[in-house]
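A.B. asks: Mind having a look at this structure? Questions to follow.
The values are calculated or read from the model by the stated rules, or taken from the named source; none is laboratory data. It should be emphasised that the depicted structure is a prediction, and the values quoted were computed from it without experimental measurement. Don't worry about glycine lacking a Cβ; one is built from the backbone with ideal geometry, like all the others, and counts go over all protein chains shown. In case anyone asks, the SASA skips ligands and DNA or RNA and just uses the protein heavy atoms, side chains included. Shrake-Rupley method; radii C 1.70, N 1.55, O 1.52, S 1.80 Å.
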Amino acid sequence: MRGGQGAARALVLQFTNCRILRGGALLREDLWVRGGRILDPEKLFFEERRVADEQRDCGGCILAPGFIDVQINGGFGVDFSQATEDVGSGVALVARRILSHGVTSFCPTLVTSPPEVYHKVLPQIPVKSGGPHGAGVLGVHLEGPFISREKRGAHPEAHLRSFEASAFQDLLATYGSLDNVRIVTLAPELDRSHEVIQALTALGICVSLGHSVADLGAAEEAVRSGATFITHLFNAMLPFHHRDPGIVGLLTSDQLPPGRHIFYGMIADGMHTNPAALRIAYRAHPQGLVLVTDAVPALGLGNGRHTLGQQEVEVDGLTAYVAGTKTLSGSIAPMDVCVRHFLQATGCSVEAALEAASLHPAQLLGLEKHKGTLDFGADADFVVLDDSLHVLATYISGELVWQAEETRQ
């Protein structure tokens, strides 16, 4: 239905009385949708001599591209790092539940695990389009096991690995097939990491730097080898130091290849990153900021003990810790909460807050022509928000997939 005459015959939907996020601005324009894509109304009027088949009044709300979460470990009792017999049903449950938070696409994330877990889980999480069943799966994010022991955070030390003599073959033996993988987080100071970064990049896999004690020089070399992302900036890395700012220094480095754009994930849950640190990062490099939830299986469950891969996690209020410690273990804040906190903490524009959860992750993954935008021809994945950025409805391919109770008629 998305191409040729089939799309031309599809119903044309016109969303009226709204402000749409396009080109970095909120515009008082209508949004036109046909065949799951954003439509250029001028071509409809002047080339096809057609008008809308159906109009939907949005009551003055904001229409923004659907949120994209590139780091989510699970939620609602589902742990993506658990090698169950039916991983797919757990992914489907999370995909369905995050629709209410405006997320239309995501990267299920596996924390450091033994090889047999990767071999069993990865084939069960294929790339999948979103729809009424839930948010789309863009590919898996593998966070570990090739990370620093010193900065492992909530990752189990027993399963950490370094690269052996045949580095990339060692990675393949650990993970098994990379067919469903979109992002790999690794520590660039590990021996032979640069040949691994080059090999992963050649396969179209995004390499992220994180859980690392790398100095700025090692981080810059990793970017020259192809790395484009930083996993949860400030967390699980060396703190900023004026004589060697470490990985954080990539935000303002002048040693990156010409035209190379570095992106960085931020957990804006009010716990992982002090508001002042959020402001520093945003003001230093606003175009690279990608909001991530880093949500754990305890998302949506409340206080108590839960799992994260091979570890037990204890939730107390708004914070998740590795059980028996004060080590933070992911977040329990959904994406819409992170967007609102980021807006409040940084004082940025509404447009900037929304783009940090949509356009920027799409650009990171090279999907900006289809996702993270409401430009003509893009997928009609969008979220309807009130002025305080609470989610009222979520659409995927132009189809209503979730709606708040109070807006149903």
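A.B. asks: Kindly provide the set of residues from segment 34-64 that are of a type outside the set (G, A, S) and assigned to a loop (DSSP other than H, G, I, E, B), ordered by number.
C.D. replies: Narrowing segment 34-64 to residues of a type outside the set (G, A, S): 34, 37-51, 53-58, 61-63.
Those that are of a type outside the set (G, A, S) and assigned to a loop (DSSP other than H, G, I, E, B): L39, D40, E47, E48, R49, R50, V51, D53, C58, C61.
A.B. asks: Now, a different point. Being surrounded by 11 or more Cβ atoms within 10 Å (Cβ to Cβ), at pLDDT below 95 and of a type in the set (D, E, K, R) is the filter here; which residues of segment 34-47 pass it?
C.D. replies: K43
A.B. asks: Return the residue satisfying two criteria in turn: it lies in segment 356-380 and is hydrophobic (A, V, I, L, M, F, W, C) and part of a loop (DSSP other than H, G, I, E, B), and of such residues it is farthest from the chain's Cα centre (by Cα). Before you say what the answer is, go through the steps one by one.
C.D. replies: So the first thing to find is which residues in segment 356-380 are hydrophobic (A, V, I, L, M, F, W, C), and the list is 356-357, 359, 362, 364-365, 367, 374, 376, 378, 380.
From what is left, the residues that are part of a loop (DSSP other than H, G, I, E, B) are 357, 365, 367, 374, 376, 378, 380.
Working: A357: 7, L365: 9, L367: 12, L374: 18, F376: 23, A378: 18, A380: 18 Å.
My answer is F376.
A.B. asks: In segment 175-204, how many residues are buried (at least 19 other Cβ atoms within 10 Å of the Cβ), of a type in the set (S, T, N, Q) and over 21 Å from the mean Cα position of the chain (by Cα)?
C.D. replies: 1
A.B. asks: Further question on the same structure: Restricting attention to strands (runs of 3 or more DSSP E) lying wholly within segment 254-333, give those where 2 or more residues are farther than 25 Å from L354 by Cα and touching a residue at least 40 places away in the same chain (Cβ under 8 Å). Walk me through it before giving the result.
C.D. replies: On the way: elements: 263-266, 289-291, 304-308, 311-316, 319-322.
Ranges flagged: 304-308, 311-316.
A.B. asks: Would it be correct to say that P245 is of a type outside the set (D, E) and open to solvent by 30 Å² or more (accessible area, probe 1.4 Å)? First the steps, then the outcome.
C.D. replies: Details: of a type outside the set (D, E): yes; open to solvent by 30 Å² or more (accessible area, probe 1.4 Å): no.
The answer is no for P245.
A.B. asks: Could you check E406 against (1) touching a residue at least 24 places away in the same chain (Cβ under 8 Å); (2) over 22 Å from R182 (Cβ atoms); (3) assigned to a helix (DSSP H, G or I) and say which number it fails?
C.D. replies: The single condition E406 does not satisfy is (1).
A.B. asks: Is segment 358-376 home to any residue that is open to solvent by 40 Å² or more (accessible area, probe 1.4 Å) and on the phi > 0 side of the Ramachandran plot?
C.D. replies: The answer is yes, given that some residue of segment 358-376 is open to solvent by 40 Å² or more (accessible area, probe 1.4 Å) and on the phi > 0 side of the Ramachandran plot.
A.B. asks: Evaluate segment 158-169: report whether one residue or more is open to solvent by 20 Å² or more (accessible area, probe 1.4 Å), over 27 Å from P297 (Cβ atoms) and in contact with a Phe, Trp or Tyr (Cβ under 8 Å, 6 or more places away or on another chain).
C.D. replies: Kept after step one, since they are open to solvent by 20 Å² or more (accessible area, probe 1.4 Å), are these residues of segment 158-169: 158-159, 161-162, 164-166, 168-169.
Filter once more, keeping what is over 27 Å from P297 (Cβ atoms): 162, 164-166, 168-169.
Still in the running and in contact with a Phe, Trp or Tyr (Cβ under 8 Å, 6 or more places away or on another chain): 162.
Within segment 158-169 (the criterion being open to solvent by 20 Å² or more (accessible area, probe 1.4 Å), over 27 Å from P297 (Cβ atoms) and in contact with a Phe, Trp or Tyr (Cβ under 8 Å, 6 or more places away or on another chain)), the answer is yes, since at least one residue qualifies.
A.B. asks: Could I ask something else about it? Out of segment 342-355, which residues are over 16 Å from I62 (Cα atoms) and assigned to a helix (DSSP H, G or I)? If you could, list the steps in order and put the result at the bottom.
C.D. replies: Here is the first cut: in segment 342-355, the ones over 16 Å from I62 (Cα atoms) are 342, 344-348.
Hits for segment 342-355 are F342, Q344, A345, T346.
A.B. asks: Ok, one more. When E314 is evaluated against the numbered criteria (1) within 19 Å of the chain's Cα centre (by Cα); (2) farther than 28 Å from D386 by Cβ, which criterion, by number, is the only one it fails?
C.D. replies: Among (1) within 19 Å of the chain's Cα centre (by Cα); (2) farther than 28 Å from D386 by Cβ, E314 violates only (1).
A.B. asks: Still on this structure: Pick out the one residue from A236, A281, A227, A268 that is within 27 Å of V121 (Cβ to Cβ) and open to solvent by less than 10 Å² (accessible area, probe 1.4 Å).
C.D. replies: Result: A227 is the single residue among A236, A281, A227, A268 that is within 27 Å of V121 (Cβ to Cβ) and open to solvent by less than 10 Å² (accessible area, probe 1.4 Å).
A.B. asks: Take segment 361-409 and flag every residue that is closer than 26 Å to G204 by Cα and touching a helix residue (DSSP H, G or I) at 6+ places or on another chain (Cβ under 7 Å).
C.D. replies: E368, K371, G372, T373 - these are the residues of segment 361-409 that are closer than 26 Å to G204 by Cα and touching a helix residue (DSSP H, G or I) at 6+ places or on another chain (Cβ under 7 Å).
A.B. asks: For the list (1) modelled with pLDDT of 95 or more; (2) in a helix (DSSP H, G or I); (3) open to solvent by 10 Å² or more (accessible area, probe 1.4 Å), I need the number of the one condition that C338 fails.
C.D. replies: Single failed check for C338: (3).
A.B. asks: Which number in (1) modelled with pLDDT of 95 or more; (2) surrounded by fewer than 24 Cβ atoms within 10 Å (Cβ to Cβ) marks the one condition that H261 misses?
C.D. replies: Condition (1) is where H261 drops out.
A.B. asks: To continue, here is another question. Condition first: out of contact with any Cys (no Cβ under 8 Å at 6 or more places or on another chain), β-branched (V, I, T), part of a helix (DSSP H, G or I) and on the phi < 0 side of the Ramachandran plot. Can you find one or more residues in segment 163-181 that meet it?
C.D. replies: In the first step, residues of segment 163-181 are kept if they are out of contact with any Cys (no Cβ under 8 Å at 6 or more places or on another chain); the result is 163-181.
Among the residues that remain, those that are also β-branched (V, I, T) are: 174, 181.
Narrowing the set further to residues that are part of a helix (DSSP H, G or I) leaves 174.
Checking the rest, the ones that are also on the phi < 0 side of the Ramachandran plot come to 174.
Looking for residues that are out of contact with any Cys (no Cβ under 8 Å at 6 or more places or on another chain), β-branched (V, I, T), part of a helix (DSSP H, G or I) and on the phi < 0 side of the Ramachandran plot, one finds at least one in segment 163-181, hence yes.
A.B. asks: Pick from segment 1-33 the residues that are outside any loop (DSSP other than H, G, I, E, B) and over 30 Å from S349 (Cα atoms): which of them is modelled with the highest pLDDT? Working first, answer last.
C.D. replies: Taking segment 1-33 and keeping what is outside any loop (DSSP other than H, G, I, E, B), we get 4-9, 12-16, 19-22, 25-27, 31-33.
Next, only the ones that are over 30 Å from S349 (Cα atoms) stay: 4-9, 12.
On the way: G4: 51, Q5: 53, G6: 57, A7: 61, A8: 63, R9: 78, V12: 97.
The qualifying residue modelled with the highest pLDDT is V12.
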